[in-house]
Structures are given as C-alpha cells and as structure tokens.
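Heads up, the thing below is written out as structure tokens.
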C-alpha cells in the first residue's frame, strides 16, 4: 500500500492508541495489527510500533510531570532498572521463544482485571506501602521492563498494578508513574531497534504525530477524572489484551 493512501487512517489509529495507552496501557492492541495490515513484516511492525509509541508515552509523561503527578527524583532508580531490563529483554527476544509468556500473560491480566475491579486499594487515596522504593525498582522496574522489551502486551497494566499493590499509590498517581516507566521501556527497546535498522520511518513519524496528541489527551483525562475513569478502562484493557492473546494461541 502507498503511505499517502493509509496515512490518515494510521494517524487516527495512533491518536486513539495514544489516548488509551495514557489511561490504561494496551495501545499496541490497536497499532501493531494496523502496522501488520499495512503490509509490514512482523519484526518491522514491532520496531515501527516502538518508534511511534515512544512519542505517545513521552507526551503523557511530560503532562503528568508538569501537573506534579510524578516525582522524578523518587522515580530515578526505578527508571534506571526499567531501562536496563527493557534493553536486556530486547536482546533476549532474539534468542528465546515467547510461547510460555503468551500462555501465562492472559491469566495474569485476567487476575489483574479482577483486582482492579474489586480491591479497595484501587482508589483515589494512597494506601499502605508494602516494599521500599529500591526493592520496587529491582522487582517491577527490571522485571516488567524486561517483559516489555521481550514481549510487551499489557506492560502499562503491570506497572500500574505494581504501584498500587506494592507502593500503595492511588490510581491517578500509579497511572502517571507507570507511564514514566512505560516510556523508559519503550525508549530502551526503540534505541535497540534503531541500531537494527528495522524501523520504517515514514510510517513511524506519521503515527508519532497522532501518538503525541493522543498521549496528551489521555494524560489530561487521567489527571481530571482519576480512578473514576482509570479503573474501568484498566479492567477493559486487561480483558481485551487477554482475549487477543488467547485468540492468537488458538488461531
């Protein structure tokens, strides 16, 4: 397909994905199939998806920082761990099969959906902290960062879940900090794919424009509406990612 023919649709899809991703993660459910539909090979689709997605997570992260929802000094160690983990995952995916993760992740996400739906800790009020910031960075930053570089679906949900369940963050604050770590893991994988020459830049930049707008809009909605908006979207995205992965296994 000619880029000029599909550019408007890719822009709109990227805008929608950026907005959903800023609220709950899962934007790749929209953009990766769109890139495959546009005729990209699987590796090109994954690389181009990271290239355009990094702009959406950047836009939402910047908005959250400006609104005071993220303490960058407090998050610095988790950011470092996430970057290292994502880089390691992007390298490992070349040598290891992702079949086990594809089977396990849907079950985890369904469990997370039930947690977000019913747990009293998921609210606009901070709750009790269960582990220290250093342990959180090593466990969630490195672990989920590796997962994002290696496989990816539901990364934003995993980060948000960690902040709520382990650090006791309220849902608005958890979503904001999760987006910072998601941007970090996207950036690490993006840099790896740049060196591999797998990114189709014309498509990536077209979609990046939509991601910038969508990411800013989604972050604005999170700051304004908090758990009232984020909780149902997180549940819906968790279920949608699970269904998608399960269908891929049976298809």
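None of the figures in this text is laboratory data; all of them are computed from the coordinates on show. Note that the structure is a prediction, hence the values are computed from the model and not measured. Because the Cβ atoms are built from the backbone with ideal geometry, glycine has one as well, and the counts that use them run over all protein chains shown.
The ranking of 133, 16 from fewest to most other beta carbons within 10 Å of each one's beta carbon is 133, 16.
Pairs of alpha-carbon atoms within less than 8 angstrom and 6+ residues apart define the contacts here; what relative contact order does region 3-250 have, in percent? All intermediate terms of the calculation are to be shown ahead of the outcome.
Details: 466 pairs, mean separation 101.1, N = 248.
Taking the mean separation of contacting Cα pairs over the length of region 3-250, I get 41 percent.
With neighbours defined as other Cβ atoms within 10 Å of a residue's Cβ, the residues 129, 179 order from fewest to most as 129, 179.
Angle of helix 171-196 to the longest C-alpha principal axis of the chain, folded into 0 to 90 degrees and rounded to 10: 30°. How big is the gap, in Å, between the Cα center of region 163-201 and the Cα center of region 62-89? What the calculation gives is 8 Å, centre to centre.
Among 202, 44, 5, what is the fewest-to-most ranking by other Cβ atoms within 10 Å? Working shown, then result.
Working: 202 12, 44 19, 5 9.
Arranged by neighbour count, lowest to highest, 202, 44, 5 become 5, 202, 44.
If the Kirkwood radius is taken over C-alpha pairs of region 142-251, then at 37 °C and 0.692 mPa s the Stokes-Einstein diffusion coefficient equals 213 µm²/s.
Kirkwood hydrodynamic radius of the chain, from the reciprocal of the average inverse Cα-Cα distance over all distinct pairs: 17.6 Å. By how many degrees, between 0 and 90 and to the nearest 10, does the Cα long axis of helix 201-225 differ from the longest principal axis of the chain? Relative to the chain, helix 201-225 is tipped by roughly 20 degrees.
In the chain, the calculated helix contribution to ellipticity at 222 nm averages -27000 deg cm²/dmol per residue, counting -39,500 (n - 2.57) for every DSSP H run with n ≥ 4. With Cα atoms defining each centre, region 206-251 and region 1-43 are spaced 13 Å apart in the structure. Most mobile of 74, 126, 148 per a Gaussian network model of the chain (Cα springs, under 10 Å)? The residue with the greatest mean-square fluctuation here is 74. Under a Gaussian network description of the chain, with springs only between Cα atoms under 10 Å, the residue in 210, 132, 141 that fluctuates furthest is 132.
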